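Colleague: Have a look at this one before I ask anything.
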Amino acid sequence: MFYRQIIVERRLPFQPTVAQTYGEQLLDIINSKGIPRKTVEVNEEGHIIVDKDNDPELYDWAVNG
């Protein structure tokens, strides 16, 4: 029946969609929960540049992991 329906309608009997990536899903969750996000600068070696006085929690995370 499935294949006959495809032949009769000359298309799939459903509309395929592209699933969101894990990163897109994660950003949707973060945005829906109102979790604040920060952007950081990175040097040539890939290390995060953080001002200890302005962002002590972020600095602690960058240093201690």
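Colleague: Where in the chain are there helices (runs of 4 or more DSSP H), lying wholly inside it, with at least 2 residues that are at pLDDT 85 or above, β-branched (Val, Ile, Thr) and open to solvent by 80 Å² or more (accessible area, probe 1.4 Å)? Steps first, answer last, please.
Modeller: Working: elements: 2-9, 22-33, 56-64.
Passing ranges, in order: 2-9.
Colleague: Next question. Which ones in the stretch 17-51 are within 27 Å of residue 63 (Cβ to Cβ) and of a type in the set (D, E, K, R)?
Modeller: 33, 37, 38, 41, 44, 45, 51
The values are calculated or read from the model by the stated rules, or taken from the named source; none is laboratory data. Here the structure is a predicted model, which means the values were calculated and not measured. Here the Cβ is made from the backbone with ideal geometry for all residues, glycine too, and neighbour counts use every protein chain on show. Side chains are part of the model used for accessible areas, which takes the heavy atoms of the whole protein and leaves out ligands, DNA and RNA. Shrake-Rupley method; radii C 1.70, N 1.55, O 1.52, S 1.80 Å.
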